[in-house]
């Protein structure tokens with residue numbers, strides 16, 4: 001990706017971002033002792049069907065262990081992003097984390113005014 005080019009998330013990545021945004025805007029995030037907010041708390045699971053999937057472990061107000069998070073993700077009906085390699089999944093998780101962190105920072109700066 002060329003420098004200064006804005007990343008355009010895939011539809012599945014947008015679904016993951018929307019999960020984060022619903023928790024942020026709905027104030028259903030987890031307020032951490034350090035003042036940070038948890039809205040997604042991602043984990044990469046797999047390989048399953050030769051894919052590595054990025055799912056949230058934050059569900060229903062708590063960080064869940066991987067088996068529980070997988071059940072929540074499956075029941076949600078949300079198609080979370082999947083990648084062919086672990087490296088691709090890790091790169092995508094880093095990109096999405098940056099977007100989520102910036103959106104959370106922007107949200108917190110607006111709500112503190």
Is at least one residue of the range 60-68 surrounded by 15 or more Cβ atoms within 10 Å (Cβ to Cβ), modelled with pLDDT of 95 or more and over 16 Å from residue 18 (Cβ atoms)?
-> yes
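Name every residue in the range 81-109 that is in a helix (DSSP H, G or I) and farther than 23 Å from residue 32 by Cα, in order of residue number. Give the steps one after another, and end with the answer.
The first filter runs over the range 81-109 and keeps only residues in a helix (DSSP H, G or I), leaving 86-109.
Of everything in the range 81-109, those that are in a helix (DSSP H, G or I) and farther than 23 Å from residue 32 by Cα turn out to be 86, 87, 88, 89, 90, 91, 92.
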Residue 71 meets each of (1) exposed (fewer than 15 other Cβ atoms within 10 Å of the Cβ); (2) not in a helix (DSSP H, G or I) with one exception, condition (2)
Inspect all residues belonging to the range 19-33 and state whether any of them is under 20 Å from residue 103 (Cα atoms), in contact (Cβ under 8 Å) with a residue 12 or more places away in the chain, touching a helix residue (DSSP H, G or I) at 6+ places or on another chain (Cβ under 6 Å) and assigned to a strand (DSSP E or B).
-> no
Options 44, 78, 55; residue that is modelled with pLDDT of 95 or more and in a loop (DSSP other than H, G, I, E, B) | 78
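The values are calculated or read from the model by the stated rules, or taken from the named source; none is laboratory data. Predicted model only: the values in this text are computed from it and were never measured. When we count neighbours, we look across all protein chains shown, and the Cβ atoms used for this are built from the backbone with ideal geometry, even at glycine.
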